Amino acid sequence: MKKLLLILTFFNLTASAQTEEDRVKQPITALFDGMRKSDTAMLRSAFAPGAILQTVLKNKEGKVVVRTEEVSNFVTSIGRPRTQILDERITYDLVRIDDNLAIAWTPYQFYVDDKLSHCGVNSFQLVRINGEWKIQYLIDTRRKEGCK
């Protein structure tokens with residue numbers, strides 16, 4: 001009986017143990033939960049100091065451009081009072097970790113309330129600072145066609 005209890009305890013601890021990949025995903029989850037809730041503190045907590053946000057898109061002339069946005073401007077814009085819910089729904093295609101550096105590749109669909117606005121892919125570069133993963137660099141694509 002003791003042996004069975006020990007085995008069940010081990011499996012329970014193993015099943016509930018958080019993996020390093022789960023920890024890498026935490027700031028990404030905080031980012032999108034913060035967007036849905038318009039919670040600026042949650043948004044800020046996801047980013048490393050000096051983080052960079054960029055978007056690859058086509059301008060009005062159809063040329064590919066890379067637009068850079070300050071994290072503080074992004075946080076302020078998401079924190080503005082609004083009636084709609086901004087909901088970016090992601091999947092994880094890839095997470096890789098080496099020491100204090102990690103990457104995550106996350107295809108997404110962006111909804112305003114329940115209406116699909118656009119889709120694309122996020123490419124996250126994360127760093128572990130003082131034992132916590134933070135987003136250092138985020139670049140994404142945005143398009144309206146080809147969204148599922």
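The values are calculated or read from the model by the stated rules, or taken from the named source; none is laboratory data. A quick note: this is a predicted structure, and the numbers were derived from the prediction, not measured. Cβ coordinates were reconstructed from backbone atoms using ideal geometry, including for glycine residues, and neighbour counts include every protein chain displayed. The accessibility values were calculated without ligands, DNA or RNA, using every heavy atom of the protein model including side chains. Shrake-Rupley method; radii C 1.70, N 1.55, O 1.52, S 1.80 Å.
Quick notes on this structure:
- Within segment 54-91, the set of residues being among the charged types (D, E, K, R) and closer than 12 Å to residue 140 by Cβ comprises 67, 69, 88.
- Filtering segment 42-66 to residues that are open to solvent by 40 Å² or more (accessible area, probe 1.4 Å) and more than 15 Å from the chain's Cα centre (by Cα) leaves 49, 50, 56, 58, 59, 60, 61, 62, 63, 64, 65, 66.
- Residue 96 farther than 17 Å from residue 26 by Cβ and open to solvent by 80 Å² or more (accessible area, probe 1.4 Å): no
- Restricting segment 20-37 to residues that are without any contact (Cβ under 8 Å) to a residue 60 or more places away in the chain and surrounded by fewer than 17 Cβ atoms within 10 Å (Cβ to Cβ), the residue that is nearest to residue 135 (Cα to Cα): 29
- Some residue of segment 112-123 being out of contact with any Cys (no Cβ under 7 Å at 6 or more places or on another chain), farther than 14 Å from residue 147 by Cβ, in a strand (DSSP E or B) and open to solvent by 20 Å² or more (accessible area, probe 1.4 Å): yes
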